[in-house]
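Working notes, structure below.
Only the coordinates and a few stated rules stand behind these numbers; no lab work does. Everything quoted here is computed from the prediction, not taken from an experiment. Every residue, glycine as well, gets a Cβ built from its backbone with ideal geometry; the counts of neighbours run over all protein chains shown.
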Amino acid sequence: MMSPASQLRLLLDNNSPVVAPGAFNALFAKLIEEADFKAVYLSGAGVANSLLGAPDLGMVTQTEIANIADLVCQAVDIPVIADGDTGYGGVHNVARTIRLYERAGVAAIQLEDQAFPKKCGHFEDKVVVSVEEMVQRIQAARDARSDDEGILIIARTDARASLGLNAAIDRAKIYAEAGADLLFVEAPHSEEELAQIGSELSGHRLMANMVEFGKTPLLSADRLAELGYCLIIHPGAITRAVVELTRAVLGDLRTTGSTKGWLDRMATFADVNALLGLPEANEWEVEISRRAAEVGDSE
């Protein structure tokens, strides 16, 4: 059976870009799979928002997100790409993070060069560590994975904000030399900057981050592929849509005292349970009862 990392490698090496919407739990991962996307991105920001009710300020712990990654990987059959923030400490912490994620079934982990505690890549006042420290994170991750075909390592640099685009690109080149499988220059400010990244890092697998209302322009997957990107994440699209829709439902409920006006815009009770596998679970339970009865009859 092909590993999740091997599945993702095959997808990335095809001609079509891999678009991975962001999920923050198993339910939304299943919806992404149902919509026929080929990969899921487990967003650290989404986990912070949904699990803690907090902004993306580095407060989610290593084990909290690893546990959610495990649940998400169990829920879907498509590769899961998971945010690993800074690796949650020094090189020993990075190594443990890799082992936890790989054990969970994660196909690729994103590690960044921010100082701890990190911030969302589209926030202000981010601080990056030295190139040497980030190289140590990458090499620790490589050493900790099961083998060279194990979990993919996405090296992210946040240096664009404080050091400029050229410095960020220079860092990405060094991270590739250190052994990163994909490169991710966070928060370019224009299509021209996205194009420069694609040109100067040509020959490497590149990831682009499409954050609605963020610092980077929203380009189509086809246009990003033309610029050289093979993996495109939309980490917060579902979160923002759910927040706005939930506000609307709650507002109507508060005003009218009923959700009846929303029925034609809701998934039905049966639809949600079908998504979650209730019919198959019921069939399996009946089959177990039948087989157990046969064992009893044979005595």
Q: Work out how much length GLU226 to TRP262 would gain on full extension: take 0.36 nm times their residue separation and subtract the Cα-Cα distance, in nm to one decimal.
A: 8.9 nm
Q.
Please list, in order, the residues from segment 131-150 whose amide nitrogen is less than 17 Å from a point placed 7 Å along the Cα→Cβ vector of ASP13.
A. 147-150
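Please list, by residue number, every one of the GluC sites (Glu not before Pro) in segment 130-163 that is coil in DSSP and has at most 16 other beta-carbon atoms within 10 Å. Intermediate values should be presented prior to the final figure.
Working: sites: GLU132, GLU133, GLU149; in loops: GLU149.
Passing sites in segment 130-163 are GLU149.
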(Q) Run the simple label-point estimate for LEU276 and ASP147 please: 7 Å along Cα→C-beta, distance reported in nm. (A) 3.9 nm
(Q) For the chain, set up a GNM with springs between Cα atoms under 10 Å and report which of ALA195, ALA107, ALA39 has the largest fluctuation. (A) ALA195
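In the neighborhood of CYS73, defined by Cβ-to-Cβ distances under 13 Å, what is the net charge if each Lys or Arg adds +1 and each Asp or Glu adds -1? It would help to have the intermediate numbers written out before the result.
Working: positive: LYS30, ARG103; negative: GLU33, ASP70, ASP77, GLU102.
Overall, the nearby charge balance is -2.
Can you show me the helix-derived [θ] at 222 nm for the chain, built from DSSP H runs with n ≥ 4 at -39,500 (n - 2.57) apiece and divided by the number of residues, rounded to the nearest 500.
Numbers: 13 runs with 146 residues, N = 299.
Counting only the DSSP helices, I get -15000 deg cm²/dmol.
How large is Rg/Rh for the chain, to two decimals, with Cα atoms and a Kirkwood Rh? The partial results should precede the final answer.
Details: Rg = 21.1 Å, Rh = 20.4 Å.
Value, to two decimals: 1.03.
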Q) Tilt of helix 131-144 relative to the longest C-alpha principal axis of the chain, in degrees (0 to 90, nearest 10)? A) 40 degrees
Q) What's the FRET efficiency of LEU52 with ASP252 using the Cβ-Cβ distance as r and R₀ = 22 Å, to the nearest 0.05? A) 0.20
Q) If the cut-off is 21 Å between C-alpha atoms, which lysines fall inside it for LYS118, apart from same-chain ones fewer than 8 positions away? A) LYS126, LYS215
Q: For segment 103-147 and segment 1-45, compute the distance between their C-alpha centroids and round to whole Å.
A: 20 Å
(Q) Among THR255, THR61, THR157, which one shows the highest mean-square fluctuation when the chain is modelled as a Gaussian network with alpha-carbon springs under 10 Å? (A) THR255
(Q) Cross-link candidates for LYS38: which lysines have Cα within less than 20 Å, leaving aside residues fewer than 8 places away along the same chain? (A) LYS30
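Per residue, what volume in Å³ does the Cα convex hull of segment 35-117 take up? Please list the in-between numbers first.
On the way: hull volume 7.3 nm³, N = 83.
It comes to 88 Å³ per residue, whole-number rounded.
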